[in-house]
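Structure record follows, encoded as structure tokens.
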Amino acid sequence: MSLGPIMLDLQGVELTPEEGEILAHPLVGGVILFSRNFESVEQLEALLQAIHALRRPKLLIAVDHEGGRVQRFRDGFTPLPAAARFGEIYEQDHKRARHLTELAAWLMAIELRAVGIDFSFAPVLDVDHRCSQVIGDRAFHQNPQVVAELGHAYIKGMYEAGMAATGKHFPGHGAVEADSHSDLPVDERDYHDIYAHDILPFKRLIHHGLAAVMPAHVVYPKVDRYPAGFSAHWLKEILRHRLGFEGVIFSDDLDMQGASVAGEKYVDRARAALGAGCDMVLLCNNRQGAIEVLENLGEINDPVAHLRLARMHGRHEINRTQLHKMQKWKEASNLLLRYQDNPSLDLAF
């Protein structure tokens, strides 16, 4: 059975019989976890083992684990600084900022790989225009060149740990004030401004091993009337054709308000996103909507998408016992724990 084009969420800390049946559906290809799915490291490992036992090939398991205010697992995992902290360090020392960014990304990824997570939806490649409610300190910097440079370091760290990177939110969410979780943001800039500024990190990193991209639920009316995640122009013409991207395109959550423009019914939203060029769509926090899609979407068979998705499986198998013996893990974890205790700490060895 190939990986299907739908990624779903779970309700709690254990896999229920109903959820096991849902995840066995051929349209399902992955699971995204949230804080509600985490109680302890031991519980998380048991949950992941139950999910992996359902299918061959194994379902992809993902999480948003960027650091700062977006880190789903806490107890038993090293607290990670927000991306903007590395941008601040960059202002003082470019080389050290790159090194620390790569180290933090490696630490994030290796700790997730040690419990069985395939990948985190990271890094954020949005440029900080100092106006976005939802981006803010999740962005590395307000300079796209710096975002690209630190994003490259972040991808290198993830790759070393055996994790593929997902850049978000293409072509850029940082220039709109509204939060696409609760609103439909509109970016009135023209294409040339967006291309020269916000797209630059994506353009650079596509050529440095960026494995996946998540488009923004943002409308850019001077380019297309649909949000980027539902726009064949943005995804097929610009991302695929002009930028030469050959990796996975994940939709953002179809339950977000920014996705409502694609239809009231979730199956319409899923069809629109897949038709625009997404390889996999996320359906979270709405079980009935997810079931509606599974029952009504119909057969989806895209061999190219299957191959792309298969590359998102984590590499370098490791367990927590092995991890905790690694000198690099000890040094990296201790460094970031000291920062957690004292945010004004100069993050140097």
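The values are calculated or read from the model by the stated rules, or taken from the named source; none is laboratory data. Just so it is clear, the model here is predicted, and its values are computed rather than measured. We place every Cβ from the backbone using ideal geometry, glycine too, and count neighbours over all the protein chains shown.
Worth pointing out:
- Residue within segment 90-99 that is closer than 16 Å to Tyr159 by Cα and either touching an Asp or Glu at 6+ places or on another chain (Cβ under 6 Å) or surrounded by fewer than 24 Cβ atoms within 10 Å (Cβ to Cβ) (or both) present: yes
- When segment 219-229 is filtered for residues that are surrounded by fewer than 24 Cβ atoms within 10 Å (Cβ to Cβ), under 15 Å from Val176 (Cα atoms) and touching a helix residue (DSSP H, G or I) at 6+ places or on another chain (Cβ under 8 Å), the ones remaining, listed by number, are Val219, Lys222.
- Of the numbered criteria (1) surrounded by 16 or more Cβ atoms within 10 Å (Cβ to Cβ); (2) more than 26 Å from Leu150 (Cα to Cα); (3) over 20 Å from the mean Cα position of the chain (by Cα); (4) charged (D, E, K, R), the one Asp75 fails is (1).
- Residue check for Leu307: at pLDDT 95 or above and either surrounded by 17 or more Cβ atoms within 10 Å (Cβ to Cβ) or among the aliphatic types (A, V, I, L, M) (or both): no
- Selection within segment 106-138 - under 14 Å from Ile199 (Cα atoms) and buried (at least 23 other Cβ atoms within 10 Å of the Cβ): Val124, Leu125, Asp126, Val127, Asp128
- Selection of segment 28-44 for residues being under 23 Å from Asp253 (Cβ atoms) and loosely packed, with under 13 Cβ neighbours inside 10 Å yields only Ser35.
- Filtered by the rule that a residue be in a helix (DSSP H, G or I) and of a type in the set (Val, Ile, Thr), segment 125-141 gives no residues.
- When the test is whether a residue is over 22 Å from His207 (Cα atoms), surrounded by 13 or more Cβ atoms within 10 Å (Cβ to Cβ) and small (Gly, Ala, Ser), Ser251 does not pass it.
- Residue that is nearest to Tyr159 (Cα to Cα) [pool: residues in segment 197-209 that are out of contact with any Leu (no Cβ under 8 Å at 6 or more places or on another chain) and surrounded by fewer than 24 Cβ atoms within 10 Å (Cβ to Cβ)]: Gly209
- Applying the criterion of at least 1 residues that are under 21 Å from Leu307 (Cα atoms), polar (S, T, N, Q) and out of contact with any Cys (no Cβ under 8 Å at 6 or more places or on another chain) to the strands (runs of 3 or more DSSP E) found wholly in segment 143-256 leaves 166-170.
- Filter pass, Arg138 being more than 18 Å from His316 (Cα to Cα) and at pLDDT below 95: no
- Ala228 vs. criteria touching a residue at least 60 places away in the same chain (Cβ under 8 Å) and under 15 Å from Phe170 (Cα atoms): no
- Options Arg269, Arg338: the member that is at pLDDT below 95, part of a helix (DSSP H, G or I) and crowded, with 21+ Cβ neighbours inside 10 Å: Arg269
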